[in-house]
Amino acid sequence: MPLRTRALRGRRVDPTNRLTSTGADGAVYAARRGSVVDVRPCQNQFGVILILSATAVRRDVLVSIAMNGLIAFTIVLSQAVPPPGLWPTVAEAWTAPDEQSTIDAGYRMFTASDDSCAKAPAPARLVAKGPVVLHVGKWFDFSSLRIIAVDTAGHTLAPVPVQLEIEELYPPLFSLRNDIIGYGGTTPTRPGRFKFRVRTICLGTSAEVFVPAVVRKR
């Protein structure tokens, strides 16, 4: 039998969360709230009853899918992009004995049991000397930095223990894996600008210096 539709009137809501309406022929029509419906005929000997059934995905399901996708995307970003303000330690070192010399750096230079701090002077400041330029694809030795410790009058002091940190950027300028920096340096992979941070490590001292650096193409 051909499908016939009739105008709905007298809409009301029942406890099953379905909208019900009475057609012009006295028949009752129903559709679930919040759904897109299709119309399918059901035939008996007196006529056609139109049964409206829900066929679309409900809005709450769509919202749930969208939220799950947003959460997954946020997790991926949090794993790929380091949070700002990270300064991983890449080496320990003795400051340079004079302005023309470089620091003596290594992956692990000091232990809690040695007397490095006991014999080291307490600096008022740390001072970086000279520009720091790295080149893409070329090994950079941390011991090539020139950092001195000075007293309140600006006089160079004997070497003091410090730790060397690198500003971590994204995309990375170089790899900071332990199996690389363990050799006392790293190799830049792209041009850019960053900073070294050098800080004293002995108790009772709090001197530090930021050292601007640039990575250039070869």
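Any read-out appearing in this document is the output of simple, stated calculations on the displayed coordinates, not a laboratory observation. These numbers were taken from a predicted model, which means no experiment stands behind them. Counting neighbours? That spans all protein chains shown, and the Cβs are built from the backbone with ideal geometry, glycine included.
At full extension, Arg193 and Glu208 could sit 3.4 nm farther apart than now, given 0.36 nm per residue minus the alpha carbon distance.
Highest-first packing order for the peptide set 133-142, 176-185 is 133-142, 176-185, based on the mean count of other beta carbon atoms within 10 Å. Just how far, in whole angstrom, is the stretch 110-143 from the stretch 146-163 if you go by their alpha carbon centroids? Cα centroid to Cα centroid, the span is 10 Å.
When only Cα pairs below 8 angstrom with a gap of at least 6 residues are kept, the stretch 104-218 shows a relative contact order of 34 percent. Lysines near Lys217 by alpha-carbon distance under 24 Å, same-chain residues fewer than 8 away left out - which ones? Here the lysines satisfying the reach criterion relative to Lys217 are Lys129, Lys138, Lys195.
The ranking of Arg193, Arg146 by Cβ neighbour count inside 10 Å, starting from the fewest, reads Arg193, Arg146.
For Val132, nonlocal amide neighbours, meaning residues 5 or more places apart or on other chains whose placed amide H falls under 5 Å from its own, are Val214. Residues whose amide H falls under 5 Å from that of Leu86, counting only those 5 or more places apart or on a different chain, are Glu168, with hydrogens built in the peptide plane. Provide the FRET efficiency to the nearest 0.05 for the His135-Thr89 pair, computing r from the beta carbons and using R0 = 22 Å. The calculated FRET efficiency here is 0.40.
Rounded if a/c is under 1.5, else prolate if a/b beats b/c, else oblate: with a ≥ b ≥ c from the C-alpha gyration tensor eigenvalues square-rooted, which is the stretch 162-216? Verdict is oblate for the stretch 162-216.
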